[in-house]
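Report on the structure given below.
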Amino acid sequence: MSQTELAQALGVPMFRVGTVVNAARRVLNLDQMPVLRLEPGAGPVTLDCELLRVQFELPRG
C-alpha cells in the first residue's frame, strides 16, 4: 500500500504516516522480524501477513 493510501485509510496527514507506522512496527516487529515494513522515501508500506501469523501464532483464516 502506498503511504498516501495509508494516510487516507487512517485519516492522518501524510507527514504523520512515518510516525504511525514506526509506532506499529515497535509492536509488530518482535525479535527483529519484519512484519511491517516502510520503504525509504515515499515507498510502500508492507504488512507480511504470513509472518504476522507465525510471529503471533495466529490461526489461518
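Coordinate-derived values only; no laboratory data. Nothing here was measured: the structure is a model prediction, and the numbers come from that model. Virtual Cβ from ideal backbone geometry, glycine too; neighbours counted across all protein chains shown.
On inspection, Leu30 fails the criterion of being in contact with a strand residue (DSSP E or B) (Cβ under 9 Å, 6 or more places away or on another chain) and of a type in the set (A, V, I, L, M). Contact map, the stretch 2-14: residues that are under 13 Å from Glu39 (Cβ atoms) paired with residues that are loosely packed, with under 12 Cβ neighbours inside 10 Å and not charged (D, E, K, R), Cβ distance under 7 Å, separation 6+ or inter-chain. Pairs shown: Gln3/Ala42.
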